[in-house]
Amino acid sequence: MVKRDEMIELLTGVQSSKRNYYTELKKTIAETKKKNLQLEIINDVMKSFNVNMSMDGMLKNISDKLKTIFFIDHISLSIRKNNQLMMSNLYPMEWKDSGYELIFYKEKSLFWEAIDSREMVYQKISNGSRIQQYLELDILAKMKMKCVLAIPLFSKDNIIGVLCISSKKETQYNHADLSFFQQLSDQLAVCLENVRLFNEVLNSKKEWENTFRAVKDMIIVVDINGKILRMNDAAKNDLNLKDERNLEEAFGQETDFKKLLLKCIHTREPSYEELKLFNQRICEVHSYPVFNEIDEMDGMILYLKDVSNKRIIEAQLIQSGKLAAIGEMAAGVAHELNNPLTAVLGNSQLLLRNTEKNDLSYKLLTDIYHCGKRCKHIIQNLLTFSRQDEYLFEEFSVNEAIDQVLSIIGYQIEKQNIHIEVKKEEPMLPINGSIQQIGQIIINLLLNAKDALENCHSKQKKITIASNIHMEGEKKWVTLSVTDNGAGIQADRIQEIFNPFYTTKKAVKGTGLGLSVSLGIAEAHGGTIKVNSMYENGSTFTLILPTHIEGGLEYGEHFNYR
């Protein structure tokens with residue numbers, strides 16, 4: 001007989017209600033856990049996002065998370081760029097090993113269908129005709145996948161790619177699952193867009209920094225107090241700075257430079273000056289003010305361009321123009337003087353023939369003849385020195401160059417009570433070069449020696465010009481030295497005398513280019529110029545030239561020094 005309590009349960013259905021209640025409760029708890037896991041997945045995806053993390057690593061991370069609540073065996077990411085869709089990342093890497101291309105065309109593409117419809121596309125994979133319709137299904141079938149879900153990725157209403165999720169088990173996704181996948185894809189799209197923007201900024205920064213470093217002129221960014229914030233490689237090398245410092249340390253006591261910066265600060269406008277900086281280097285200096293958001297000046301950009309070589313070339317062009325004018329004038333003078341000189345020389349010779357040597361007029365006629373020849377020789381040398389032809393490298397002796405120069409300026413120097421002593425090595429080895437260019441070096445050295453003696457109080461002013469042969473191992477060098485007993489050069493200035501535009505003479509007497517140009521000519525001939533000087537005890541400048549320029553200009557080649 002049925003007990004009373006059991007009869008009541010059967011009649012009222014209480015036991016059945018309890019079973020249904022627990023079933024629904026378990027189902028609700030499972031769904032809640034699933035939703036919590038989904039939220040954790042989205043949260044983990046965002047937290048694990050790192051611009052330095054590879055996208056393959058991110059897909060692996062997403063795949064591992066999704067496998068805890070879904071049957072997922074493959075995940076891939078395809079990026080749309082310039083109306084082309086290309087698979088950029090996948091996990092695992094089976095697709096790459098399939099031999100298929102990773103570019104998808106619109107004609108037979110499941111991914112493009114998701115893009116065009118702007119909706120998720122779910123497709124079961126079987127052996128039916130549907131496989132032939134999409135390239136992706138054909139590939140996934142060979143990978144033994146049973147279903148695929150293609151999810152378009154949106155960024156600001158633009159589709160930037162497709163997320164593909166596939167499984168080897170036929171899986172049905174309900175509305176909540178699809179909603180989760182859409183949220184996941186939206187977060188992934190945000191990550192992709194952030195990566196793209198970050199890379200754009202990073203690439204722009206790299207391009208700017210590479211351009212900044214590549215500029216050969218000095219660029220320095222400073223704050224309003226003169227602290228160096230940034231400088232390019234040219235500035236670091238030229239200023240010899242290894243770290244960021246203050247302009248005071250970089251430029252020392254360059255007062256003109258400070259004035260330029262103060263002018264820029266006070267006027268709040270770009271400033272420009274051409275200044276002599278860093279041991280007589282001529283620089284074009286530009287200062288540009290930098291303003292912040294509230295129009296306050298908080299720094300400057302300094303641009304320095306070394307134009308020393310440019311100014312040297314300009315000065316040499318001016319000098320070339322002067323020499324060209326002298327050459328034309330000398331040619332005209334020679335033309336005008338040659339005719340009367342010919343008459344003087346010819347008539348003096350005729351008179352000498354008809355005059356006895358013991359006659360008093362014989363010596364006078366002889367002096368007239370020799371002075372006429374000397375005038376003709378001077379004019380010829382002047383024409384040779386100032387001619388505008390291209391200089392020809394040929395064999396000659398430095399002794400010839402000494403004689404040629406002394407015939408032009410020797411008398412001028414001796415008129416100032418300066419004795420010239422000549423010591424020439426005989427016989428002298430020939431060298432390959434331009435006699436006009438070597439003559440220009442000798443003239444510069446002699447005129448510098450003359451100027452050094454002008455302010456000297458020595459009773460016996462003397463210049464010694466000597467040529468010698470110097471042996472160094474098996475190689476022979478020709479040396480030409482010019483020595484004076486004048487004022488000499490201070491020890492701290494010897495390193496600067498060959499710098500362009502450096503001079504201790506008055507503006508009307510020197511440009512500071514003589515020694516710089518002379519050194520350039522010597523180096524072009526494969527040689528150099530050395531100096532030995534003691535302050536108030538005179539100086540010796542020595543021109544050193546090889547007897548043969550190995551690897552240089554061969555005999556007969558043209559050399560045009562500017």
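Quick look at the numbers
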{"read-out": "Meets criteria (within 20 Å of L153 (Cβ to Cβ), open to solvent by less than 90 Å² (accessible area, probe 1.4 Å) and modelled with pLDDT under 65) for F70", "value": "no"}
{"read-out": "Filter pass, L229 being in a strand (DSSP E or B) and either more than 17 Å from C283 (Cβ to Cβ) or modelled with pLDDT under 85 (or both)", "value": "yes"}
{"read-out": "Qualifying residue in the stretch 408-430 (condition: assigned to a helix (DSSP H, G or I), under 22 Å from A325 (Cα atoms), open to solvent by less than 50 Å² (accessible area, probe 1.4 Å) and at pLDDT 85 or above)", "value": "no"}
{"read-out": "Filter result for L229 (surrounded by 15 or more Cβ atoms within 10 Å (Cβ to Cβ) and either in contact (Cβ under 8 Å) with a residue 12 or more places away in the chain or in contact with a helix residue (DSSP H, G or I) (Cβ under 7 Å, 6 or more places away or on another chain) (or both))", "value": "no"}
{"read-out": "Matching residues, the stretch 151-165, being in a strand (DSSP E or B) and open to solvent by 10 Å² or more (accessible area, probe 1.4 Å)", "value": "F154, S155, N158, I159, I160"}
{"read-out": "Cβ pairs under 9 Å, 6+ apart, first in the stretch 420-445 and acidic (D, E), second open to solvent by 50 Å² or more (accessible area, probe 1.4 Å)", "value": "E421/K462; E425/N468; E425/I469"}
{"read-out": "Residue in the stretch 277-300 that is open to solvent by 20 Å² or more (accessible area, probe 1.4 Å), assigned to a strand (DSSP E or B), modelled with pLDDT under 85 and not aliphatic (A, V, I, L, M) present", "value": "yes"}
{"read-out": "Condition check for K236: surrounded by 14 or more Cβ atoms within 10 Å (Cβ to Cβ) and within 20 Å of the chain's Cα centre (by Cα)", "value": "yes"}
{"read-out": "Residue identified as at pLDDT below 85 and among the hydroxyl-bearing types (S, T, Y) among T255, T267, T171", "value": "T255"}
{"read-out": "Residue within the stretch 21-35 that is surrounded by fewer than 11 Cβ atoms within 10 Å (Cβ to Cβ) and either modelled with pLDDT of 80 or more or of a type in the set (G, A, S) (or both) present", "value": "yes"}
{"read-out": "Residue match in the stretch 197-215 (condition: basic (K, R), more than 18 Å from the chain's Cα centre (by Cα) and surrounded by fewer than 18 Cβ atoms within 10 Å (Cβ to Cβ))", "value": "no"}
{"read-out": "Neighbours by Cβ (under 9 Å, 6+ apart or cross-chain): first from the stretch 186-205, within 23 Å of I41 (Cβ to Cβ); second open to solvent by 60 Å² or more (accessible area, probe 1.4 Å) and not basic (K, R)", "value": "Q187/M46; V190/M46; C191/M46"}
{"read-out": "Filter pass, S434 being among the polar types (S, T, N, Q) and buried (at least 21 other Cβ atoms within 10 Å of the Cβ)", "value": "yes"}
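Yes or no, residue by residue, for (1) in contact with an Asp or Glu (Cβ under 8 Å, 6 or more places away or on another chain); (2) modelled with pLDDT of 85 or more:
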position: K305; (1), (2): yes, yes
position: I318; (1), (2): no, no
position: V344; (1), (2): no, yes
position: Q349; (1), (2): no, yes
position: D367; (1), (2): no, no
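The values are calculated or read from the model by the stated rules, or taken from the named source; none is laboratory data. Worth saying up front: this structure is predicted, and the values here are computed from it rather than measured. When we count neighbours, we look across all protein chains shown, and the Cβ atoms used for this are built from the backbone with ideal geometry, even at glycine. Ligands, DNA and RNA are stripped out before the accessible areas are found, and what is left, the full protein with its side chains, is counted by its heavy atoms. Shrake-Rupley method; radii C 1.70, N 1.55, O 1.52, S 1.80 Å.
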